Amino acid sequence: MAFLDSMSISASALTATRLRMDVIAENMANSNTTRTENGEPYRRRYVVFQEKTNDNAFASFFNKARTTPGGVRVLRIGEDTSEFKYDYNPSHPDADENGYVRYPNVEVVQEMVDMMSAYRAYEANITAINTFKDMAVKTLEIGK
């Protein structure tokens, strides 16, 4: 069953990493959004991962010392509370009484770095799944 556990772990990482890439894309898309439903500029979001353990009660009853890793899960999507960026533009509709416009706390360069990191993690898990698949095929070929 370790083989299937490995596939499950990689699949959970793919799902979590895909959500991370979606959140990064949302940040980049809203990097110039000066007004949201709550009246403030868009706040950068980030994803927090947590280890997911396989809490199989039957298995843990017989083997309390061994915990089977269950992959990764998204604990939450948080909001970055850092300060907004300010730009002097008195003609902008969202300018305050002093002529300053608050822009989101999204740094596009940082988001691109995060996206490349997430892409590499996604790619690594795809490679792991393909390796598991190739191993299964080779195992079945041994029996021929």
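The values are calculated or read from the model by the stated rules, or taken from the named source; none is laboratory data. Remember, it's a predicted structure, so these values are computed and weren't measured experimentally. Cβ atoms come from the backbone with ideal geometry, glycine included; neighbour counts cover every protein chain shown. Heavy atoms of the whole protein, side chains included, go into the accessibility calculation; ligands, DNA and RNA do not. Shrake-Rupley method; radii C 1.70, N 1.55, O 1.52, S 1.80 Å.
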For the chain, the per residue accessible area (1.4 Å probe, Å²) is 69
Cross-link reach from LYS144 to aspartates and glutamates, straight Cα distance under 18 Å and at least 8 residues apart if same chain, gives ASP134
Share of accessible surface on carbon and sulfur in region 94-144, whole %, 1.4 Å probe and ligands ignored, is 60
With +1 at each Lys and Arg Cβ and -1 at each Asp and Glu Cβ, the charge dipole magnitude of the chain around its Cα centre, to the nearest 20 debye, comes out at 940
Longest principal axis of the chain (C-alpha) makes with the long axis of helix 108-142 (C-alpha) an angle, in degrees to the nearest 10, of 10
Which of (i) 38, 30, 28; (ii) 77, 36, 20; (iii) 170, 29, 17 gives Cα extents along the principal axes in Å as computed here? It is (ii)
Expected unfolding gain across ASP96-THR81 under the 0.36 nm per residue rule, minus the alpha-carbon gap, is 3.4 nm
Ordering 8-14, 105-111 by per-residue average of other C-beta atoms within 10 angstrom, highest first, gives 8-14, 105-111
Excluding residues fewer than 8 positions from LYS138 in its own chain, the aspartates and glutamates with Cα under 14 Å of it are none
Summing +1 per Lys or Arg and -1 per Asp or Glu among the other residues with Cβ less than 15 Å from ASN89's Cβ gives -1
From DSSP H assignment alone, runs of 4+ in the chain each adding -39500 (n - 2.57), the sum over residues rounded to the nearest 500 puts [θ] at 222 nm at -17000 deg cm²/dmol
